[in-house]
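Q: Let me begin by handing over the structure; questions about it come next.
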Amino acid sequence: MDMYIIILLMIIILILIVIVNLVGYNSCSLDKNNLHLVLIFISLIIITSLCTCYFMYNIKQSFPIDVVYTWAGETNSLNKRLSNNNELKYSLRSVMKHAPWVNKIYIVMNPPAKIPSWFNDEYKKKIVLLDQTDTFPKDYPLPCYNSNAIETTLPYIPELSEHFIYFNDDFFLGKDVKYTDFFTTDGKALVSDTILEKLQITKGENNLNISKYPMSAFGFYPHAPISLLKSQILKYHKEYPEYVEWVRSIKYRNNIGCSECKINNMICPCAQQHHIVARYMYDNKKAKLLNYESVTMFINSRKIYKLKYVYNKKPKFFCINDTTSNENKKKYIKKRLDLFFNKMYPEKPFFEI
């Protein structure tokens, strides 16, 4: 429980104790004077609660928080994992509009890093462009097209803050958010409550030379921005180096990545890092649970009609996942997305042309 909620409850309890003493513990009826006092103290409770809630909502951020994106670039491809529908452009708009408190924004690209076509020269005030050569070990064969492998390298971004939020380029903010939507006031990461269903990654023996596996959870992590602590990921890498190295050895990801799991007698997903890192932080008392189902929405190419719902309801987080390889469908979806994005995020940030 947040310490400010504890303080609020203590204040309310103290006020109630005072009321009980004033009214009289054994009194069965209230005279006019006591009733007047009771009403005054009830009003004080309400005012105190409102003030405390306002203070909690507006509490000053005490640590910097960066945002990190991974991005394949402006590729016109039928490959649904590499295609570009201008998602990053509008995801950045959503962050600038709804989370202006964010410190730096890092964009990790396939090498070589290229300045996005819609950027002007002002982007350097807020955004840092990198490619995989800045984060992967020097002897790693690049480029890497496996998002699971790429994500293991994020804590090695130079000058990245301890607290950061990981965005895929198809993650968006639908309304104003506070830093306490991602971290507690004392710096713990808020993670999906789906991590509570702990699972062993391996089903049994395999031919991999891995002596120790981390714990995972059932299914895939929610499609929403992910709160992370750099020091915890680095600690996890030191504790499970063979497993992390194996994940990085998978240069290409086939569909959702289950083929590698099946070959090696593992549950699927066996290489996705989100559940594993979240569980690791939670076990180390560096994370608290959040029910993502109540704050996020997922749309894929088959549910493009739900864009109207997103615009009207404006969920806190939403993901628009490109799941088609059909050229005609891609053209139609891109047209629909362009209309939606320009209506949802019409304001250009300072770094756009």
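Q: Give the residue, chosen from L199, L190, that is in a strand (DSSP E or B) and either surrounded by fewer than 17 Cβ atoms within 10 Å (Cβ to Cβ) or acidic (D, E) (or both).
A: L199
Q: Next question, about the same structure. How many residues, within region 312-323, are under 13 Å from F340 (Cβ atoms), under 21 Å from the mean Cα position of the chain (by Cα) and at pLDDT 95 or above?
A: 2
Q: Continuing with this model, one more query. May I ask you to list pairs of residues, at least six apart or on different chains, whose Cβ atoms are under 7 Å apart, with the first in region 99-114 being in contact (Cβ under 8 Å) with a residue 60 or more places away in the chain and the second being part of a loop (DSSP other than H, G, I, E, B) and surrounded by fewer than 19 Cβ atoms within 10 Å (Cβ to Cβ)?
A: W101/Q61
Q: Considering region 295-328 alone, what residues qualify as being surrounded by fewer than 19 Cβ atoms within 10 Å (Cβ to Cβ) and in a strand (DSSP E or B)?
A: Within region 295-328, F298, N300, N321 meet the criteria.
Q: Conditions first: (1) at pLDDT below 95; (2) surrounded by 14 or more Cβ atoms within 10 Å (Cβ to Cβ); (3) of a type outside the set (F, W, Y). E352 passes all but one, so which condition is the exception?
A: That leaves (1) as the condition not met.
Q: Would you mind stating whether F182 is more than 17 Å from S294 (Cα to Cα), at pLDDT 95 or above, buried (at least 16 other Cβ atoms within 10 Å of the Cβ) and of a type outside the set (K, R)? If you could, list the steps in order and put the result at the bottom.
A: Numbers: more than 17 Å from S294 (Cα to Cα): no; at pLDDT 95 or above: yes; buried (at least 16 other Cβ atoms within 10 Å of the Cβ): yes; of a type outside the set (K, R): yes.
Answer is no for this residue.
Q: Still on this structure: When you scan region 270-288, do you find a residue that is outside the structural domain of S216 (by TED's automatic domain parsing), within 21 Å of N168 (Cα to Cα) and free of Cβ contacts under 8 Å to residues at least 60 places away in the same chain, even just one? It would help to see each step written out before you state the result.
A: We begin by selecting, within region 270-288, every residue outside the structural domain of S216 (by TED's automatic domain parsing); these are none.
Scanning region 270-288, I find no residue that is outside the structural domain of S216 (by TED's automatic domain parsing), within 21 Å of N168 (Cα to Cα) and free of Cβ contacts under 8 Å to residues at least 60 places away in the same chain, so the answer is no.
Q: What number of residues within region 195-211 are farther than 19 Å from S259 by Cα and in contact with a Phe, Trp or Tyr (Cβ under 7 Å, 6 or more places away or on another chain)?
A: The number of residues fulfilling the criteria is 2.
Q: Out of Y252, Y309, report the one residue that is over 17 Å from the mean Cα position of the chain (by Cα) and either in the same structural domain as W71 (by TED's automatic domain parsing) or among the hydrophobic types (A, V, I, L, M, F, W, C) (or both).
A: Y252
Q: Hey, does region 156-171 have a residue that's at pLDDT below 95 and of a type in the set (G, A, S)?
A: no
Q: Kindly indicate whether K238 is part of a helix (DSSP H, G or I), free of Cβ contacts under 8 Å to residues at least 40 places away in the same chain and exposed (fewer than 14 other Cβ atoms within 10 Å of the Cβ).
A: yes
Q: Right, V277: β-branched (V, I, T), buried (at least 20 other Cβ atoms within 10 Å of the Cβ) and more than 28 Å from L92 (Cβ to Cβ) or not? First the steps, then the outcome.
A: Details: β-branched (V, I, T): yes; buried (at least 20 other Cβ atoms within 10 Å of the Cβ): yes; more than 28 Å from L92 (Cβ to Cβ): no.
Spelling it out, it is not the case that V277 is β-branched (V, I, T), buried (at least 20 other Cβ atoms within 10 Å of the Cβ) and more than 28 Å from L92 (Cβ to Cβ).
Q: Which residues, taken from region 241-258, are buried (at least 17 other Cβ atoms within 10 Å of the Cβ) and outside any loop (DSSP other than H, G, I, E, B)?
A: Scanning region 241-258 gives Y243, V244, W246, V247, R248.
The values are calculated or read from the model by the stated rules, or taken from the named source; none is laboratory data. Computed from a prediction, not measured in an experiment: that's the story for all the values here. Heads up, the Cβs are rebuilt from the backbone with ideal geometry, glycines too, and the neighbour counts pull from every protein chain shown.
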